[in-house]
Amino acid sequence: MISEQITQELLTYVEPEKAEFYPKFFQAEQGGYGKGDQFIGVRVPFQRKVARKYYKTITLDELYSLMHSPVHEFRSTALFVLVNKFQKSKSESEREQIVSYYLANLDYVNNWDLVDASADKILGTYLFDKDRSLLYELAASNDLWRQRIAVIATFYFIKQNDFGDTLRLAELLMDHEHHLIHKAVGWMLREIGNRDLKTEVVFLEKHHLRMPRTMLRYAIEKFDSNLRRRFLAR
């Protein structure tokens with residue numbers, strides 16, 4: 001099985017100090033947002049390397065065991081495989097199949113790095129010229145990771161200078177209680193500002209007094225010092 005080859009190859013890149021560090025970094029300990037996740041200590045560049053090597057030959061069915069693994073790095077590598085498959089796909093039907101697989105396995109896209117590595121590259125890219133109502137369904141769910149997927153998926157839209165859905169989702173999630181949503185929304189607002197500063201400033205003028213502090217700080221991180229102080233002072 002190719003999935004077993006991938007597993008064995010990933011094990012050759014294990015770094016014990018990373019295996020000790022990652023559970024704290026990804027809050028996999030009791031009470032953390034990644035509670036119960038397991039880590040073996042393989043860095044992302046090696047995961048990407050293995051994914052590039054095998055994405056052409058492994059089938060979606062064979063990917064199942066990696067995608068459903070309790071080991072974080074195995075799931076992450078499975079997502080890198082999916083991204084590679086999607087980006088190299090040659091037909092709409094193939095893209096649809098990959099997106100369907102991704103959506104069917106959202107329960108396993110369950111930490112911020114897994115979301116950020118896949119949401120815009122698969123779901124956002126696919127939905128760009130299609131009905132985007134799915135993003136609002138995800139945002140309206142009570143699941144932290146689905147909500148983050150909704151926001152990060154719009155990063156692809158932002159790169160095409162299409163900001164409307166990001167701004168609407170930012171309004172919907174403005175009062176969210178979790179800092180990982182605050183960071184995601186603030187990050188996407190900052191990316192809008194990198195391309196169209198006026199659009200971001202207009203949005204912030206309307207909403208900054210209501211925004212969580214972390215969201216605002218992420219949004220204005222690249223502003224010049226005077227503009228940044230103007231928003232923080234209020």
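The values are calculated or read from the model by the stated rules, or taken from the named source; none is laboratory data. Everything quoted here is computed from the prediction, not taken from an experiment. Ideal geometry is used to build each Cβ from the backbone, glycine not excepted, and the neighbour counts take in all protein chains shown.
Tabulated data
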{"read-out": "Which listed residue is without any contact (Cβ under 8 Å) to a residue 40 or more places away in the chain, within 30 Å of SER93 (Cα to Cα) and not hydrophobic (A, V, I, L, M, F, W, C), from LYS222, LYS206, LYS159", "value": "LYS159"}
{"read-out": "Any hit, the stretch 39-51, residues being part of a loop (DSSP other than H, G, I, E, B), out of contact with any Ser or Thr (no Cβ under 6 Å at 6 or more places or on another chain) and not assigned by TED's automatic domain parsing to the domain that holds PHE21", "value": "no"}
{"read-out": "Top-ranked residue in the stretch 107-144 [being over 19 Å from MET174 (Cα atoms) and among the small types (Gly, Ala, Ser); ranked as surrounded by the fewest Cβ atoms within 10 Å (Cβ to Cβ)]", "value": "ALA117"}
{"read-out": "Matching residues in the stretch 91-118 - criterion: being farther than 18 Å from GLN147 by Cα and either aromatic (Phe, Trp, Tyr) or in the same structural domain as VAL151 (by TED's automatic domain parsing) (or both)", "value": "TYR101"}
{"read-out": "The stretch 1-34, residues that are surrounded by 12 or more Cβ atoms within 10 Å (Cβ to Cβ) and outside any helix (DSSP H, G or I)", "value": "TYR13, VAL14, GLU15, PHE26, GLN27, ALA28, GLU29, GLY32, TYR33, GLY34"}
{"read-out": "Residue match in the stretch 190-197 (condition: on the phi > 0 side of the Ramachandran plot and either surrounded by fewer than 17 Cβ atoms within 10 Å (Cβ to Cβ) or in a helix (DSSP H, G or I) (or both))", "value": "no"}
{"read-out": "Residues being under 21 Å from TYR33 (Cα atoms), in a loop (DSSP other than H, G, I, E, B) and more than 9 Å from the chain's Cα centre (by Cα) - total across the stretch 103-152", "value": "5"}
{"read-out": "The listed residue being of a type in the set (Asp, Glu) and under 17 Å from ALA117 (Cβ atoms), out of GLU191, GLU171, GLU177", "value": "GLU191"}
{"read-out": "Criterion violated by ASN142 - all others in (1) under 24 Å from LEU114 (Cα atoms); (2) at pLDDT 95 or above satisfied", "value": "(2)"}
{"read-out": "Test result for ALA153, closer than 29 Å to SER65 by Cβ, in contact with a Gly (Cβ under 8 Å, 6 or more places away or on another chain) and touching a residue at least 24 places away in the same chain (Cβ under 8 Å)", "value": "yes"}
